[in-house]
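Below is one structure, written out as C-alpha cells; the observations come after it.
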Amino acid sequence: MPPALSEAAVRQALQTVLDPDRQKDIVTLGMVQGLAVKDGHVAFAIEVDPRRGAQLEPLRKQAEKAVDALQGVLSVTAVLTSEKAPGASAQPPRPAQAHSHGGHSHGGQPQRDPRAGPAGHPTGPGGKMLVPGVKSIIAVASGKGGVGKSTTAVNLAMALAARKLKVGILDADIYGPSQPRMMGISGRPHSPDGKTLTPMENYGVKVMSMGFLVPEDTPMIWRGPMVMGALEQMLRDVAWGELDALVIDLPPGTGDAQLTISQRVPVTGAVIVSTPQDIALLDARKGLNMFRKVDVPVFGIVENMSYHKCVNCGHVEHIFSHGGARKEAERLGTEFLGELPLDIVIRETSDGGTPITVSKPDSEHAKAYKQIADKVWDKVTAALGSGGRQAPKIVIQ
Ligand SMILES: Nc1ncnc2c1ncn2[C@@H]1O[C@H](COP(=O)(O)OP(=O)(O)O)[C@@H](O)[C@H]1O
Ligand SMILES: [Mg+2]
C-alpha cells in the first residue's frame, strides 16, 4: 500500500500554481478554501474576485492538474468561488465518496437500495437521499454534450407518461439546462411553505430544472457556487408527490459531478446516450464504467443521430459508422436500447418545446422512443422486483 495522500502534500502541489495577475502561489495568497482529502479523492474551492471569474478557468484547470499528478490521487474537483457573489455560498465541493471494491462494503451497509424509501427517511443505505414518493429513478447520461441527452430524456419521459405512468423530469445539467425549453415551460417554481419547491408541469409531466432557479444569463463565476446550492435544493426539497419514474437529465461527461449525483440519489438504472462517433471514441465505455463504479445498473445504450434519412427520397445515409452501438453494447455486456436518426423534425420539436413523442405520437420516431421506453420500463420493474407495479398478492389461508 502506498502511503495515504495527505492534505500537506496537496497544499504543496498547489503551491506550484501561480495567480497570473499577482505572480504568487494560490496557497500563499489564501485562495485555496475548504480543502478536503478523503481516500484519494480531493476537493477544494479557489476563492476569486467575481470580475476575474471567466479568465481564471485555466487557473482552476491548472490547480486540478497539479493535484492530479500526485501519487494516490483518484479524483480532483476544484471549483471557483466568490464570497462577493450575491446569493452564492462559498461552500467547497465535497470529494467523491470512496467506493467499495471486491465486495467489501463500508460501515456494513448494503451497497444500495434500488427502491425509493418511505417518506420521513432522509437518507437510505450508503448515505443516499431517498426521494419520498418516487418509485424509480432513471438517469440519462452521455460522455459529452450535444449528443442528444436532453432530447432523449424528454422523449423517454413523455413515452413513459403515455403509458399512464406518473413521471417527473429533473434537469440536473448544471451548465446547460435545456428542459425548460424542451418542455416549453418558463417562469419560476413556487414554494408554498418556504421550504419545499413545487415542480413546474407541462404535458402532464412534472419538471424541475436549474434553468428555473439560476437565470440563463448568470455569469459563470456565480453559477458555480449557485448551482451547487440549487442542485442540493433540487435533490432535497422538491415536492414531487407520487411518481412512478423520475427521469434525471444528468450533466454531460463522466466526472465527479455526475458521480456525486449518482451517489446522492438511489438511481434505479442509467441510460447512456451516444452518437456513433462517441462509441468509436470510447466515451460510452467511460459512462458505463462510471456507473459500475457506484453500483448503478446500466440499462443500456441509445444510439442517437445514428443515420440520416433523405426527406426527399427516403434514402438512408449512414453519416457515421452506423451500428457501432449495437456491437459495442454487446461487447460491454449491456443492452442496445434503440436508435434515432438525425432528423430535423426531432430537432425542431425538441427545441420548440413540443417533444415529438407528445406532438407527433404516431410518427416513426415517436414509436422508436416508445419502444426504448418499454425496454427501460421492463428493466425498472425487474430492478424493483414487484415494487414497480405491485403484483397482486396471493394469500393462502
Ligand atoms: N436525433 C436527432 N436529430 C436531430 N437533431 C437532434 C437529434 N437529437 C438531438 N438533436 C438536437 O441536437 C441538439 C443537442 O441535443 P441535446 O438533446 O440538447 O443534447 P445534450 O443534452 O446531449 O447536450 C439540440 O438542438 C437537439 O434538438
Ligand atoms: Mg442537455
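A short reminder: the numbers here are calculations on the coordinates, not readings from a lab. The structure displayed is predicted, hence computed values, not measured ones. FYI the Cβ positions are ideal-geometry reconstructions off the backbone, even for glycines, and counts take in every protein chain you see.
Listing for the model above:
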read-out	value
Spin-label pair I344/S6, simplified geometry with 7 Å Cα→Cβ offset, distance in nm	6.5 nm
Calculated FRET efficiency for the pair Q277/D362, C-beta based, R₀ 30 Å, to 0.05	0.45
Virtual spin-label span in nm between A69 and D374, 7 Å along Cα→Cβ	5.6 nm
Listed pairs K166/K327; K286/K360; K149/K286 exceeding 25 Å between Cα atoms	K166/K327; K286/K360
Where labels lie 7 Å past Cα in the beta-carbon direction, separation of R331 and R236 in nm	4.3 nm
